[in-house]
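Have a look at the structure below before the remarks.
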Amino acid sequence: MHNTFVIGDVHGCMFTLESLIKKLPTDAHLLFVGDLVDRGKHSVHVMEFVKEGGHACVYGNHEYLLFNYLRDAIHGNKRISNWATKEAWGGPSTIKNYEVYPHLVDKHVAWLATLPRYLEREGYFITHGFGLPYYKRKDLSSSKLPLLTNRIDRPKAEEMKDWERGYEEYEVVNVFGHCAFKEVLVGKNYFGIDTSCAFGGKLTALELGTGRIVQVRADQRDI
């Protein structure tokens, strides 16, 4: 896994992503934990970079929200949703971005439909949400949404009842985003690498195999 880096939630912060990539080896293999879009000003550019670069990426909950909105807007003439109207969800900034690049909407909808809910790389389990408690059921339809939305920082009691017992002892290592921290969350068999880039924090890359962390501060041009 030498030279393979997993990048945390970018959330439309293209200038920050470019700064981070400059700190990585020029031949690095890049994987993304999802939430490429929303909140930052350059969601379309981030999506286009990952898509056209052929970089592996898992489906995040913000891709889920974007996909449903674009699909409904294109085919169902439905243009109202919490994602599209609430600034906290980040949808309005992404919609404004697409108004400048309408020719990319159909291409991005088609690409989003191809993204997997998880990736596995030599003992690493890469998800958007905290996926470890669903590892044994990762291919079940009932796990599709939890792999996007499960949280380790603010879990609900009813959701924790659905967690697999003994996940703390699984030999696989879960690398995930979704839960925003000031610094990388390091556990026995997991790494939470969303370090609040879109909120003025950092964007993080984690090298698989070594656990090396590379970070940059959020570029104010993105926020």
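The values are calculated or read from the model by the stated rules, or taken from the named source; none is laboratory data. Keep in mind that this is a model prediction, so the values were computed, not measured. As a convention, Cβ positions derive from the backbone with ideal geometry for all residues, glycine included, and neighbour counts pool all protein chains shown.
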> So how many residues does segment 1-28 have that are in a loop (DSSP other than H, G, I, E, B) and either aromatic (F, W, Y) or under 13 Å from the mean Cα position of the chain (by Cα) (or both)?
Replying inline: 6
>> Taking the condition of being buried (at least 19 other Cβ atoms within 10 Å of the Cβ), of a type in the set (V, I, T) and out of contact with any strand residue (DSSP E or B) (no Cβ under 9 Å at 6 or more places or on another chain), how many residues in segment 23-45 meet it?
In response: 2
>> What's the number of the only condition in (1) over 24 Å from F191 (Cα atoms); (2) at pLDDT 95 or above; (3) of a type outside the set (S, T, N, Q) that C13 fails to meet?
In response: (1)
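How many residues does segment 189-212 hold that are closer than 19 Å to E122 by Cβ, of a type outside the set (D, E, K, R) and surrounded by fewer than 18 Cβ atoms within 10 Å (Cβ to Cβ)?
The number of residues fulfilling the criteria is 4.
With segment 29-125 as the region, which helices (runs of 4 or more DSSP H) entirely inside it contain at least 1 residues that are charged (D, E, K, R)?
43-53, 61-75, 91-100, 105-112
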>> Quick test for you: out of V173, V186, pick the one residue that is over 20 Å from L36 (Cβ atoms), without any contact (Cβ under 8 Å) to a residue 60 or more places away in the chain and surrounded by 19 or more Cβ atoms within 10 Å (Cβ to Cβ).
In response: V173
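Per-residue answers, yes or no, for (1) at pLDDT below 95; (2) closer than 22 Å to G53 by Cβ; (3) crowded, with 21+ Cβ neighbours inside 10 Å:
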site	(1), (2), (3)
N97	yes, yes, yes
V109	yes, yes, no
T114	no, yes, no
E120	no, yes, no
Y124	no, yes, no
D139	no, no, no
K144	no, no, no
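Okay, residues lined up against (1) under 21 Å from K188 (Cα atoms); (2) among the β-branched types (V, I, T):
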| residue | (1), (2) |
| --- | --- |
| S93 | no, no |
| L104 | no, no |
| W111 | no, no |
| F125 | yes, no |
| P133 | yes, no |
| L145 | no, no |
| I152 | yes, yes |
| E158 | no, no |
